[in-house]
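Remarks on the structure that follows.
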């Protein structure tokens, strides 16, 4: 089934599972850089996943993406800056943290990450990146990255769990259900708008 053929009324739990979660797996490969996408709670869920991969020696640098300015409980700053503080607190050395403080959405996260990767590494020298975001956000983020990144760069999913949108519990709360269904609809809209090619699920 093509994702573009799904309409809102057909978003059963089985279809959602196939669209959002199926075959989203971390291969365990090493990479040149870990790219972390921003959100309001990225410091809580995504940064620890990235720090874990960094400490396991899977990449020598972490790139934190997100220029949206938010009122966090401890500070008013960009998503990337808040994630940087979280990464430092988790023991990632400052010299191994790159930040992108301009992007305003997922597509810009990916586009602006390319600029930072070019400046830090040169894109022609990069073979592989680990992409870190939460599970529901991964399918769309991965599709965007694989469509926009140069074809010689492999994008490996490194998904993080949060409290309410794990594969085994998203349907148990209104918050989890709404978030996952909205993400499924976002994937379908992106395909219809030509943001990335259609997906077979």
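The table for this structure:
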read-out: Contacts under 8 angstrom Cβ, first residue in region 59-76 being within 15 Å of residue 126 (Cβ to Cβ), partner in a loop (DSSP other than H, G, I, E, B), 6 or more apart; value: 59/30; 59/31; 59/32; 60/32; 61/32; 62/92
read-out: Filtered residues of region 1-13 (kept if under 23 Å from the mean Cα position of the chain (by Cα), assigned to a helix (DSSP H, G or I) and more than 14 Å from residue 177 (Cβ to Cβ)); value: 3, 4
read-out: Scan of region 1-47 for residues that are surrounded by fewer than 20 Cβ atoms within 10 Å (Cβ to Cβ), in contact with a helix residue (DSSP H, G or I) (Cβ under 7 Å, 6 or more places away or on another chain) and within 22 Å of residue 171 (Cα to Cα), ordered by number; value: 8, 11, 13, 24
read-out: Test: residue in region 159-166 that is in contact with a strand residue (DSSP E or B) (Cβ under 7 Å, 6 or more places away or on another chain), under 24 Å from residue 197 (Cα atoms), surrounded by fewer than 21 Cβ atoms within 10 Å (Cβ to Cβ) and touching a residue at least 12 places away in the same chain (Cβ under 8 Å); value: no
read-out: Helices (runs of 4 or more DSSP H) contained in region 84-201 and holding at least 1 residues under 23 Å from residue 54 (Cα atoms) and modelled with pLDDT of 95 or more; value: 106-121, 135-148
read-out: Enumeration of residues in region 122-145 that are over 16 Å from residue 42 (Cα atoms) and either surrounded by fewer than 17 Cβ atoms within 10 Å (Cβ to Cβ) or in contact with a helix residue (DSSP H, G or I) (Cβ under 8 Å, 6 or more places away or on another chain) (or both); value: 122, 123, 124, 125, 126, 127, 129, 139, 140, 143, 144, 145
read-out: Answer from 79, 116, 100 - the residue that is surrounded by 15 or more Cβ atoms within 10 Å (Cβ to Cβ) and under 26 Å from residue 166 (Cβ atoms); value: 79
read-out: Residue under evaluation residue 177, criteria (1) surrounded by 14 or more Cβ atoms within 10 Å (Cβ to Cβ); (2) free of Cβ contacts under 8 Å to residues at least 60 places away in the same chain; (3) in contact with a strand residue (DSSP E or B) (Cβ under 9 Å, 6 or more places away or on another chain), criterion not met; value: (3)
read-out: Selection from region 120-144 of residues that are without any contact (Cβ under 8 Å) to a residue 60 or more places away in the chain and within 18 Å of the chain's Cα centre (by Cα); value: 140, 143, 144
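The values are calculated or read from the model by the stated rules, or taken from the named source; none is laboratory data. Keep in mind that this is a model prediction, so the values were computed, not measured. Cβ sites come from the backbone with ideal geometry, for glycine too, and all protein chains shown count toward neighbours.
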